[in-house]
Structures are given as C-alpha cells and as structure tokens.
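Asker: Below: one structure in structure tokens.
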Amino acid sequence: MGDGNIVHVVGTGTIGEPLISLLCEFRKDLGIDEITFYKHTPTILDRPKIKSLLNKGAVLAVSEDKIKEFRELGVEPTYTTEEAIKRASVVIDCTPKGVGLENKERYYKKYAHLVKGFLAQGSEFGFGKMYALGINDSAITDEDKFIHIVSCNTHNIAVVIKTLAIDDGENHLVDGHFVCIRRANDVSQATGFVPSPQVGKHKDKDMGTHHARDVYYLFKTLGYDLNIFSSALKINTQYMHAIWFSLKLDRKITLEEVEQRFRENPRVAVTYKDTANLIFSFGRDHGHYGRILNQTVVVLPSLHVRKEQEVIGFCFTPQDGNSILSSIAAAERFLYPEEYQERIRCLGPLLLQEV
C-alpha cells in the first residue's frame, strides 16, 4: 500500500467513469489523497475520456504490455496494473460481469495483505458480502475484506422493501413481486440495443430472476428470510429501468402512509412525472454527471393500496447512481471505519427529494 489514502478504480465504463469523476470532485472532503484508474484498451475513441479524467486529477494505470500503445495514443500511464493495485488503500472494480471475480483470483487475493478492502460492482455474485448503503450497513464487519456492491435494480427493490415493510427490525412483508422493465443499454453504449421488448427467463426456481435472488441474499445478511419473486424484460429504450412492485404486508397501511414513508426516506426521490424521458432529462440537467444518486425514484400517481394491506406502484431506477453512492460509502468505510457516515455527508446535497 502506498502513502496516504489511495482509491483505485478498475474500469471506465458506465459506472467507472462517473465514479472516478465524483471521487475527484469530492477528494478533499472524502479524505482521499489520490485517485488512480485502470484502462484496459487503448482506443482513439476513448482518448477524450482518458484525458478528461487525467485533467480532473486522476492517475492512469495500464497493463505493462500496453504502455507503448497508450503513449502512441498521446496519454502517459503512471502505473502498471499490479503497481496500482498493491499501492492502493481501496480497490473498486467496475469491470463487466465476471471480470471482477477473475481479477479477485488473479490479483486481489495476491495483494489482500496490502490493501484495506476490495469492492466489485453489479453482477458479481460471490465476490464478497453484499452491500447497499442504508440497507445493511450493520451487517458489514471488520472481517469483510471483499464487498459486493449490488446492482442498481437490487438497490431499488431493496429500498422499497425496507421503506414499506420493515419497522424497527421487524419484517412485515408477506409476499413481494417485482417486474424489472429494463432499458436495452446505456446512452454511453453503442451495442446491445434490442429492437423490441425481450422477456427474460426465470432461472431461479424460487425467486425468478437474479434481481429477487440478490435482494434476498442482501437482506439475509441481516437475518431476514424474505418471500420475494421477480421477473424481467428489456425494452427498446436507453433512458431508465422501471420496476413494478406489489408488496403484501401483514398489517394495514394507507396510501397516505405509503407516500409519507417514501418522502421521509432521504435516499428516495419522489416524482409526479410518469415518463422516463422527463426523469432522465432531470437527472441530466440536475444530477451529478447526469446521474441521480438516489436509490429509487417513486412515481407518486402510480401508488395504490389494495385491500388495505397490498401496496402496488411503479418506480424508476437511477442509472447506476445508487451503486456509485454505495461504492463511495463502502470505500470510505475502509478508509475511515469510525466516521464514514460523517465523511459522506458532503454528498448529501446530491440526493434529490423530488424529481
């Protein structure tokens, strides 16, 4: 590990790039001395992005065998892959699905004695203990060296459940059903778009798709055994994921209480807008680097209480902003275990109350 608090981000995609920018902007408030980042492939299309991150103060690391190619591209690497990892205080892996697990076996275990902690994003089931800010902070211990930051849709489902169904540690959820209506790809991605709605398979016999499974194991870290099921489909849009939810409770609840609970949760944004483009546009204009950092955006006109105990509604999933916020919180916990909550207060103004 190098001198000072060094955060190393692996990957510059839809999560990595805005995460690096956010860390650079709030570096002093977060008590970080240096931000480094790893870029895998030297391409002229990515040169503007690399230069922008360098101008923000981040430091580039690349594979040793690609140093010459990056120099020919007009950018100067400072560290090699392993140099950047072993000198880091915290490593945040933002690579595509499966690569984080490969990196754990290839690099992270090798330098675990030098680095305080490792984080992996999204669909990296098995990387480490699952985590979402404000959901299971109490489940993370000093023994947890590897942390899995759950996906953006997992954050969304989890905060809906915690807001409506869990009171003072007591679980009131009888049955939860969720339909994840996913965007085809991000506006920053040129591949993977679908021409028409594409339904997903229910690969988990008890919980349907991985979304409910991940939420189940996230709450399992707190000792809860949730009865939940999810389905998923992709639609031909690049704006935002949306989720339809139905929560059956073991107690009565009113529509007024539902709205009040959502409004009182600082990680929930509410909206009267019912179309994704208007919310996406608001995030572009008023979010941080286009990202809304709240864990969900609940559509108030869609909320409905059926038979006094079932809450139904729609909400939109911020495009990875919730995962980015949890990543920073987890990194700060490794750096400042006794004061990480206070450290991340500087990000409070970025959490929106209404969209």
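Here, each number is a calculation from the coordinates, and none is a lab measurement. Please read all numbers here as calculations on a predicted model, not as lab measurements. Methodologically, a virtual Cβ is constructed for each residue, glycine included, from the backbone with ideal geometry; neighbour enumeration extends over all protein chains shown.
Asker: In the chain, if the dipole is taken from +1 on Lys/Arg beta carbons and -1 on Asp/Glu beta carbons about the Cα centre, which of PHE26, HIS210, ASN236 is farthest to the positive end?
Answerer: It is ASN236.
Asker: Compute the angle between helix 16-25 and the longest alpha-carbon principal axis of the chain, please, reported from 0 to 90 degrees and rounded to the nearest 10.
Answerer: With both axes taken from Cα atoms, the answer is about 80 degrees.
Asker: On to the next question. Picking from ILE324, ILE228, ILE157, which is most flexible by a Gaussian network model of the chain using Cα springs under 10 Å?
Answerer: ILE228
Asker: Give the residue list of GluC sites (Glu not before Pro) in region 43-146 that are DSSP loop and have at most 14 other beta-carbon atoms within 10 angstrom.
Answerer: Within region 43-146, the qualifying GluC sites (Glu not before Pro) (loop, at most 14 other Cβ atoms within 10 Å) are GLU143.
Asker: Which label marks the calculated value of Rg/Rh (Cα atoms, Kirkwood Rh), given the options (1) 1.03; (2) 0.97; (3) 1.01?
Answerer: After the calculation, the listed value that fits is (2).
Asker: With contacts defined as alpha carbon pairs under 8 Å and 6 or more residues apart, what's the relative contact order of region 237-322 in percent?
Answerer: Relative contact order of region 237-322: 43 percent.
Asker: Hey, another quick one. Taking Cα pairs under 8 Å and at least six residues apart, what relative contact order does the chain come out at, in percent?
Answerer: 16
Asker: Moving to a separate point now. If you take every DSSP beta bridge whose two residues both sit in the chain, what share of them, in percent to the nearest 5, is antiparallel?
Answerer: Numbers: 27 of 66 bridges.
Antiparallel bridges make up about 40 percent of those DSSP assigns within the chain.
Asker: Which trypsin sites (Lys or Arg not before Pro) in region 172-206 pass both tests, a DSSP loop state and at most 13 other beta-carbon atoms within 10 Å?
Answerer: Qualifying residues, ordered by number: LYS201, LYS203, LYS205.
Asker: Now, a different point. Extending each Cα 7 Å along its Cβ direction at HIS40 and LYS252, get the distance between those two points in nm, one decimal.
Answerer: With each label point 7 Å from Cα toward Cβ, the separation is 5.6 nm.
Asker: Provide the per-residue ³J(HN,Hα) series for region 64-70, in order, calculated from phi with Karplus coefficients 6.51, -1.76, 1.60 and θ = phi - 60°, each as a whole number of Hz, with x at glycine and proline positions.
Answerer: Here the 3J(HN,Hα) series is 4, 7, 10, 4, 4, 5, 5 Hz.
Asker: Out of all DSSP beta bridges in region 152-320, what portion is antiparallel? Express it as a percent rounded to 5.
Answerer: Percent antiparallel among DSSP bridges in region 152-320 is about 70.
Asker: Can I ask one more? If one computes the Cα centroid of region 284-328 and of region 138-174, what distance in Å separates the two points?
Answerer: After rounding, the separation between the Cα centres reads 15 Å.
Asker: Output the 0 to 90 degree angle, nearest 10, between the alpha-carbon long axis of helix 152-165 and the longest principal axis computed from the alpha carbons of the chain.
Answerer: 40
Asker: May I ask for the angle, rounded to the nearest 10°, between helix 321-335 and the longest principal axis of the chain, with both axes built from Cα atoms and the value confined to 0 to 90°?
Answerer: Relative to the chain, helix 321-335 is tipped by roughly 60 degrees.
Asker: Mind sorting ILE181, ILE44, ILE292 by how few other Cβ atoms lie within 10 Å of their own Cβ, fewest first? It would help to have the intermediate numbers written out before the result.
Answerer: Values: ILE181 21, ILE44 8, ILE292 28.
Ranked by crowding around the Cβ, least crowded first: ILE44, ILE181, ILE292.
Asker: While we're on this one: Run the dipole for region 1-145 about the Cα centre, Lys and Arg Cβ at +1, Asp and Glu Cβ at -1, nothing else charged, and hand back the magnitude in debye, nearest 20.
Answerer: 220
Asker: What dipole magnitude, in Debye to the nearest 20, does region 152-320 give about its Cα centre under +1 on Lys/Arg Cβ and -1 on Asp/Glu Cβ?
Answerer: 540
Asker: Hey, fewest Cβ within 10 Å first, where do HIS202, HIS148 land in order?
Answerer: On the way: HIS202 15, HIS148 29.
Arranged by neighbour count, lowest to highest, HIS202, HIS148 become HIS202, HIS148.
Asker: For region 152-320, take the alpha-carbon Rg, divide it by the Kirkwood Rh, and send me Rg/Rh.
Answerer: Checking Rg against Rh, the ratio lands at 0.96.
Asker: Listing CYS152, CYS94, CYS346 from the residue with the fewest other Cβ atoms within 10 Å to the one with the most, what is the order?
Answerer: Fewest-to-most Cβ neighbours within 10 Å comes out as CYS346, CYS152, CYS94.
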